[in-house]
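For reference, the structure is listed below as C-alpha cells.
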Amino acid sequence: MPRLLEGKTALILGVANRWSLAYAIAQAFAREGARLILTYQGDRQKLTVEELAAELKAHQTLACDVSQDDQLANLTSQLQSQGTVLNAVVHSIAFANREDLSRPFVETSRAGFALAQDVSAFSLVAVARATAPLMPPKDQGGGSIITLTYLGSTRVVENYNVMGVAKAALEAAMRYLASDLGASNIRVNAISAGAVKTASARGIRGFSKMLEGAAHLAPLRRNTDPAEVADAAVFLASDLGRGVTGNVLYVDAGMQIMGFAGLE
Ligand code: NAP
C-alpha cells in the first residue's frame, strides 16, 4: 500500500520528549514515509531531540526558539541554502507562566498575558511567514501548516486561564493565515486535541482530575490517545486533506460536544 506522506518533507516544531504530541506526530509521519526535520528550542533540549531524531531516522535537527526573530530567519536561510522544499509544517508549541495557570484569571499579569500570546499564538504567524516561502508553488501542491489547540479556547476550562485566551488567538490567527496563504495552495488548520499528559499539561493545576473527568464525560468514555492526534495530522498533511483549510479538527473522543452531565 502506498504511504500517505511518501516523497514529502515535514518540519516539526515542538518535540520536547517522548510524551510530546509533536513526537507522536513525528512517529506517524515517519511511518507514512515523510522525511523529517525536527527543531529544538535551545541547547538544553538539543541532545534529547537529537536522540529522538536518530530513533525516528529524521533527516535533520535545527535550533529554533520561536520567540526570537533572528532564529526564525536563520531557520529559513538554513533550509533555503540547502534547497529544502517543505510540504508540511507542524507547530506544536505553547508556553505560559505556571502561576498564570493556577491563580484566578482576573489576576493575570500584563507580562504573563503577553508572553503566552507571543509564544503560543503569534509564533504561528511567525512560523508561517518563515516557512511558506519554502513550500512548493501552488501547481506543485502547495503545503500544509498544522497547529495544536485545545477546547479552552472557546469554553472556560478551570485553570487553563491565560492559555485559553492564547488558544483563541491561535485559532483566529490560523483562520487569517488560511485566508492569506490559500491563494498559494497552502492550507492552515488546527487540531484541537483532548487532554493528554505531557510536560506542558503538567503545568496546569488539577490536570490529573481534568483527565479523569474527561474520560468519564467524553462520548467515547476515554481519554485521547496521542496516536489519534498524530493520525489526524497525517490526514491534514497528506493529499487526502487537500480540500481542508481554516478548520479546527477536534480529536478529543468527542469531548467538545458535551454540556452539563448529571452527577452520579
Ligand atoms: P510539550 O511536549 O511540553 O510540547 C510543548 C513544546 O513547546 C515543547 O517542545 C517546548 O519546548 C515548546 N516550546 C515552548 N516555548 C518554545 C519556544 N519559545 N520556542 C520553541 N519551542 C518552544 O507539550 P504538548 O502537550 O505536546 O504540547 C504541544 C501543543 O499541543 C501545545 O500547543 C499544546 O497547547 C497543545 N495541546 C496539548 C494538549 C494536552 O493535553 N497535552 C491538548 C491540546 C493541545 P521546550 O520543552 O524545549 O521548552
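For the reader, a short list of remarks on this structure follows.
- When residue 171 is tested against (1) of a type outside the set (Lys, Arg); (2) more than 14 Å from the ligand (Cβ to nearest atom); (3) part of a helix (DSSP H, G or I), just one condition goes unmet, and that condition is (2).
- Positions within the range 131-154 being outside any strand (DSSP E or B), within 10 Å of the ligand (Cβ to nearest atom) and of a type outside the set (A, V, I, L, M, F, W, C), in sequence order: 150, 152, 153
- Exactly one residue among 239, 180, 231 is open to solvent by 30 Å² or more (accessible area, probe 1.4 Å), more than 12 Å from the ligand (Cβ to nearest atom), among the acidic types (Asp, Glu) and without any contact (Cβ under 8 Å) to a residue 40 or more places away in the chain, and that residue is 180.
- Answer residue from the range 13-32, given it is more than 7 Å from the ligand (Cβ to nearest atom) and open to solvent by 20 Å² or more (accessible area, probe 1.4 Å) and is farthest from residue 2 (Cα to Cα) among those: 18
- Residue in the range 41-50 that is part of a loop (DSSP other than H, G, I, E, B), within 14 Å of the ligand (Cβ to nearest atom) and of a type in the set (Gly, Ala, Ser) present: yes
- Candidates 84, 76, filtered to the one that is polar (S, T, N, Q) and either over 28 Å from residue 248 (Cβ atoms) or free of Cβ contacts under 8 Å to residues at least 12 places away in the same chain (or both): 84
- Residues within the range 87-129 that are open to solvent by 10 Å² or more (accessible area, probe 1.4 Å) and in contact with a strand residue (DSSP E or B) (Cβ under 9 Å, 6 or more places away or on another chain), tallied: 4
- Residue within the range 61-82 that is in a loop (DSSP other than H, G, I, E, B), modelled with pLDDT of 95 or more and touching a Lys or Arg at 6+ places or on another chain (Cβ under 8 Å) present: no
- Leading residue by the ranking (least open to solvent (accessible area, probe 1.4 Å)) among those in the range 194-210 that are farther than 15 Å from residue 151 by Cα and near the ligand (Cβ under 8 Å from one of its atoms): 198
- Sole exception among (1) polar (S, T, N, Q); (2) farther than 26 Å from residue 31 by Cα; (3) within 13 Å of the ligand (Cβ to nearest atom); (4) more than 16 Å from the chain's Cα centre (by Cα) for residue 61, by number: (2)
The values are calculated or read from the model by the stated rules, or taken from the named source; none is laboratory data. Remember, it's a predicted structure, so these values are computed and weren't measured experimentally. When we count neighbours, we look across all protein chains shown, and the Cβ atoms used for this are built from the backbone with ideal geometry, even at glycine. Ligands, DNA and RNA are excluded from the accessible area calculation, which covers all protein heavy atoms including side chains. Shrake-Rupley method; radii C 1.70, N 1.55, O 1.52, S 1.80 Å.
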